[in-house]
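See below for the structure under consideration.
The values are calculated or read from the model by the stated rules, or taken from the named source; none is laboratory data. Treat the numbers as computed from the prediction; the structure is a model and nothing was measured. Positions of Cβ are generated from backbone atoms using ideal geometry, with glycine treated the same way; all protein chains shown enter the neighbour counts. SASA here: full protein model, heavy atoms, side chains in, ligands and nucleic acids out. Shrake-Rupley method; radii C 1.70, N 1.55, O 1.52, S 1.80 Å.
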Amino acid sequence: DIKDLDAEILIMCHVHPVIEFWTENFRSIEPCWLKCEIDNEKFFKKYKIKTKFKQGIIMPAFKHLIGGMAFNSKDFEPLGPLLKNEILKWKNAEVYLLDGTYLGKLADLKSR
């Protein structure tokens, strides 16, 4: 029975975040890392575990054939309790491509 989590970083996977890029005639998706704040109070309310998390990292898939969920799509539906309950503050996450390129905040990367 865990009462406290001493970690400062929560790493999450299996969601496979991607970012969509659009032009008038072209669409591309790119796997990305999402770095976001964590609401420790919501985490405690949901799991009854105290944490010292300072940030959350959502890992991408590293192969294009796996695909992913376009977090900047207007049709995006969060999966899992950490995203659905906004324990991970994914809406304002920092977005990084696999090569480390910083794209900005997710809230500023609107999809078509």
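A simple spin-label model places pseudo-atoms 7 Å from Cα toward Cβ; at His14 and Leu98 they are separated by 2.2 nm. Across every direction, the projection of the convex hull enclosing the Cα atoms of the stretch 48-112 has a mean area of 5.7 nm². Along the stretch 86-97 the Karplus relation, 6.51 cos²θ - 1.76 cosθ + 1.60 evaluated at θ = phi - 60°, assigns HN-Hα couplings of 6, 5, 8, 7, 5, 5, 10, 5, 7, 10, 10, 6 Hz to successive residues, with x for each Gly and Pro. Take the Cβ atoms of Asp4 and Asp75, set R0 to 41 Å, and the FRET efficiency comes out at 0.60.
Each principal axis of the Cα cloud of the chain was evaluated for its coordinate range; sorted largest first, these ranges are 52, 24, 23 Å.
Solvent-accessible area of the chain (1.4 angstrom probe, protein heavy atoms only): carbon and sulfur portion equals 54 percent.
Given R0 = 30 Å, the distance between the Cβ atoms of Glu86 and Arg27 translates into a calculated FRET efficiency of 0.60. Residues whose amide H falls under 5 Å from that of Leu5, counting only those 5 or more places apart or on a different chain, are Lys50, Thr51, Lys52, with hydrogens built in the peptide plane. Adding -39500 (n - 2.57) for every DSSP H run of four residues or longer, then dividing by how many residues the chain holds, sets the calculated 222 nm ellipticity at -2500 deg cm²/dmol. Rolling a 1.4 angstrom probe over the protein heavy atoms with all chains in place gives the chain an accessible area of 66 Å² per residue.
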